[in-house]
1. Touching a strand residue (DSSP E or B) at 6+ places or on another chain (Cβ under 7 Å), outside any helix (DSSP H, G or I) and more than 23 Å from Trp166 (Cβ to Cβ) - does that describe any residue in segment 72-92?
2. Determine which single condition Val93 fails, assuming it passes every other condition in (1) within 20 Å of Leu172 (Cβ to Cβ); (2) of a type in the set (Val, Ile, Thr); (3) touching a residue at least 60 places away in the same chain (Cβ under 8 Å).
3. Please state which of the following conditions Ser130 fails to meet, knowing it meets all the rest: (1) surrounded by 13 or more Cβ atoms within 10 Å (Cβ to Cβ); (2) in a loop (DSSP other than H, G, I, E, B).
4. Report the residue count in segment 142-168 for those that are in contact with a strand residue (DSSP E or B) (Cβ under 7 Å, 6 or more places away or on another chain) and not in a helix (DSSP H, G or I).
5. When the residues of segment 44-65 are narrowed to those that are among the β-branched types (Val, Ile, Thr) and at pLDDT 95 or above, which ends up farthest from Met104 (Cα to Cα)?
6. So, in segment 99-110, exactly how many residues are closer than 19 Å to Pro142 by Cβ and in contact (Cβ under 8 Å) with a residue 60 or more places away in the chain?
7. Go over the candidates Arg160, Arg132 one by one and state the one that is of a type outside the set (Ser, Thr, Tyr) and closer than 17 Å to Pro37 by Cβ.
8. For Gly67, indicate whether it is in contact (Cβ under 8 Å) with a residue 24 or more places away in the chain and either exposed (fewer than 13 other Cβ atoms within 10 Å of the Cβ) or more than 22 Å from Ile39 (Cα to Cα) (or both).
Amino acid sequence: MVVLFALGTVSPLPAQTPSSSVKGDSAAAAPVAAAAPHIEGKTVEGKPFRLSSLKGKVVLVLYWSTGCAVCRDKMPELRTNYEGWAGKPFELVAVSTDARMQDMLDYENIISRTVPTRQRFVQLWAGDSSYRDNLGPHAQLPAGYLVDKSGKIVERYVGRIPPQAWDRIADLL
């Protein structure tokens, strides 16, 4: 079995169109949801969540899975950067695409015992009956969307979140 992982691509989105396409790692353009993404559901703690409630903050939305080695590998970096933005108008929202909720809960159980609270961010499970989004399925994980303070997607990341994404976040703050 051969598994290939892309190093990641950054795709700026045109601001003038409510719906657009971005090029990922394939030659075909991947459809992108409206510039104002909609995500709602329950956090792993069972609290209601709506992405729209974070308007006024820069948000990095990350789709991932516990079965994705690249995703798991990047989590310490994401947690460290998240902690570094403490006190700033920034939020990280992770959406687990695991087929089984138990896989995500097992991972979260480990995290709750090993990761300081200040490094924990919002976590949702896409398989929950209350979960809704308008960003569609993701052919490659991790997949990320950078949302500006007005609530519009400004960049899409396919594969690893690139280092320059943190510079872009700083610019948006």
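1. As a first pass, look at segment 72-92 and keep what is touching a strand residue (DSSP E or B) at 6+ places or on another chain (Cβ under 7 Å): 78, 82, 89-92.
Keeping just the survivors that are outside any helix (DSSP H, G or I) gives 89-92.
Applying the additional criterion that residues be more than 23 Å from Trp166 (Cβ to Cβ) yields none.
The answer is no; no qualifying residue exists.
2. (3)
3. Every listed condition holds for Ser130 apart from (1).
4. 17
5. To start, the set of residues in segment 44-65 that are among the β-branched types (Val, Ile, Thr) comprises 44, 58-59, 61.
Within this subset, residues satisfying the condition of being at pLDDT 95 or above are 58-59, 61.
Working: Val58: 25, Val59: 21, Val61: 17 Å.
Out of the qualifying residues, it is Val58.
6. Adding up the residues that qualify gives 2.
7. Details: Arg160 fails: closer than 17 Å to Pro37 by Cβ.
Within the list Arg160, Arg132, the selection yields Arg132.
8. Working: in contact (Cβ under 8 Å) with a residue 24 or more places away in the chain: yes; either exposed (fewer than 13 other Cβ atoms within 10 Å of the Cβ) or more than 22 Å from Ile39 (Cα to Cα) (or both): yes.
Considered against the rule, which asks whether it is in contact (Cβ under 8 Å) with a residue 24 or more places away in the chain and either exposed (fewer than 13 other Cβ atoms within 10 Å of the Cβ) or more than 22 Å from Ile39 (Cα to Cα) (or both), Gly67 comes out as yes.
The values are calculated or read from the model by the stated rules, or taken from the named source; none is laboratory data. None of the values given here were measured: they were computed from a predicted structure. In this analysis, Cβ positions are derived from the backbone assuming ideal geometry, glycine residues included, and neighbour counts consider all displayed protein chains.
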